[in-house]
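Every number here is computed from the coordinates shown, using simple stated rules; none is lab data. Predicted model only: the values in this text are computed from it and were never measured.
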Amino acid sequence: QINLKLILVTGKTHEFLFLPETAAGDITQHVFNNWPPEWEDEAVDNSSKLRLIYQGRFLQNESILSSMRLPAGKTTVMHLVARENIPEPSSQGINPILTCYSRW
């Protein structure tokens, strides 16, 4: 099994165990169905709003854990955010978030 430590924007964390064959969409559905009590203030009304971020990228619902070559026997950290849509990658390869911060 793969141990995922999910971090919310608020900094709250919770760990979940998943099989390597689990897809990102199944993870968000499981988290929604088993929402930790300590996350009560961050609850969403629908699992489809939940998105996973791993290594700075939003995971597509079809992304399978085993395809990410996660280290066995270690905890993998991912961010969990509530969003309606996943942003489209820029055709120029520029991350708009990083561009915004680089102006400061």
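Some observations on this one:
- Three semi-axes of the equivalent ellipsoid, segment 2-84, Cα gyration tensor, whole Å, largest first: 19, 14, 12
- Straight Cα distances below 27 angstrom link residue 49 to the lysines 5, 12, with same-chain residues fewer than 8 positions distant left out.
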